[in-house]
1. Being buried (at least 16 other Cβ atoms within 10 Å of the Cβ) and hydroxyl-bearing (S, T, Y) is the filter; apply it to region 67-101 and report the residue that is nearest to L144 (Cα to Cα).
2. Determine whether region 56-78 contains at least one residue that is in a helix (DSSP H, G or I), of a type in the set (K, R) and in contact (Cβ under 8 Å) with a residue 40 or more places away in the chain.
3. Looking only at region 92-108, which residues are in a helix (DSSP H, G or I), over 15 Å from I62 (Cα atoms) and in contact (Cβ under 8 Å) with a residue 40 or more places away in the chain?
4. Just a yes or no: is a residue in region 142-150 in contact with a Lys or Arg (Cβ under 9 Å, 6 or more places away or on another chain), outside any helix (DSSP H, G or I) and either over 16 Å from A20 (Cβ atoms) or at pLDDT 75 or above (or both)?
5. Condition test on R64, is it of a type outside the set (S, T, Y) and either under 24 Å from D149 (Cβ atoms) or in contact with a Leu (Cβ under 8 Å, 6 or more places away or on another chain) (or both)?
6. Restricting attention to region 89-123, which residues are among the acidic types (D, E) and at pLDDT below 75?
7. Within region 65-88, restricting attention to residues that are modelled with pLDDT of 95 or more and not β-branched (V, I, T), which residue is nearest to L24 (Cα to Cα)?
8. V33 passes all but one of (1) within 19 Å of A147 (Cβ to Cβ); (2) out of contact with any Lys or Arg (no Cβ under 8 Å at 6 or more places or on another chain); (3) at pLDDT 95 or above; which number fails?
Amino acid sequence: MIHEDMIEFAAALPRFGALAGLDLGTKTIGVAVSDGMRQVASPITVIRRQKFTLDAAALLEIIRDRGLAGIVLGLPRNMDGSEGPRAQSTRAFARNLIRLTELPIGYWDERLSTVAAERALLEADTSRKRRAEVIDQVAAGYILQGALDRLSHLSRQA
């Protein structure tokens with residue numbers, strides 16, 4: 001099931017189990033995963049986009065190999081909070097992906113995640129070439145870490 005709200009997403013998740021974070025771009029999908037306790041997000045790879053069936057197969061292989069419990073999709077909202085074509089594309093991707101997996105899917109507002117990832121890579125003195133190779137997976141890490149922090153806060157309130 002796809003969850004608009006982090007509270008609903010949290011309720012759909014098992015108590016433990018790693019999550020995937022995805023930064024969907026037009027050419028790539030950045031992928032990050034968490035640890036089983038959902039404390040830390042780690043960027044792991046970038047999938048070069050082809051067509052949906054191939055993209056989904058690559059994602060489902062990662063999900064299966066790592067025994068993941070849920071998926072967090074970065075939702076690219078405009079700065080005023082409205083949704084444009086990229087957000088609609090992300091929602092379409094989620095609708096297609098949910099047909100292929102039983103895992104809960106949640107959205108996380110990804111505004112400025114790529115900016116934060118770029119800044120972190122610049123501070124780490126990463127070369128321009130290397131930044132281009134890893135920016136999407138680092139952005140996925142930021143998206144997932146934001147969601148993990150929110151989920152942790154929700155569990156402390158419960």
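The values are calculated or read from the model by the stated rules, or taken from the named source; none is laboratory data. Predicted model, so just to flag it, every value in this text is computed and none were measured. A quick note on method: Cβ atoms are made from the backbone with ideal geometry, for glycine too, and the neighbour counts reach across all protein chains shown.
1. Ranking the qualifying residues of region 67-101, first place goes to T90.
2. Keep residues of region 56-78 that are in a helix (DSSP H, G or I), which gives 56-66.
Then drop every residue that is not of a type in the set (K, R), which leaves 64, 66.
Subset that is in contact (Cβ under 8 Å) with a residue 40 or more places away in the chain: 66.
Scanning region 56-78 turns up at least one residue that is in a helix (DSSP H, G or I), of a type in the set (K, R) and in contact (Cβ under 8 Å) with a residue 40 or more places away in the chain.
3. Initially, region 92-108 is screened for residues in a helix (DSSP H, G or I), giving 92-97.
Imposing the further condition that a residue be over 15 Å from I62 (Cα atoms) reduces the set to 92-96.
Listed by number, the residues that qualify are F93, A94, R95, N96.
4. No: zero hits.
5. On the way: of a type outside the set (S, T, Y): yes; either under 24 Å from D149 (Cβ atoms) or in contact with a Leu (Cβ under 8 Å, 6 or more places away or on another chain) (or both): no.
Criteria not met by R64.
6. Restricting attention to region 89-123, the residues satisfying the condition of being among the acidic types (D, E) are 102, 109-110, 118, 123.
Across region 89-123, the qualifying residues are E118, E123.
7. As a first pass, look at region 65-88 and keep what is modelled with pLDDT of 95 or more: 65-73.
Among the residues that remain, those that are also not β-branched (V, I, T) are: 65-70, 73.
On the way: D65: 21, R66: 20, G67: 21, L68: 18, A69: 19, G70: 16, L73: 8 Å.
The extreme case among them is L73.
8. In the conditions (1) within 19 Å of A147 (Cβ to Cβ); (2) out of contact with any Lys or Arg (no Cβ under 8 Å at 6 or more places or on another chain); (3) at pLDDT 95 or above, V33 misses (2) alone.
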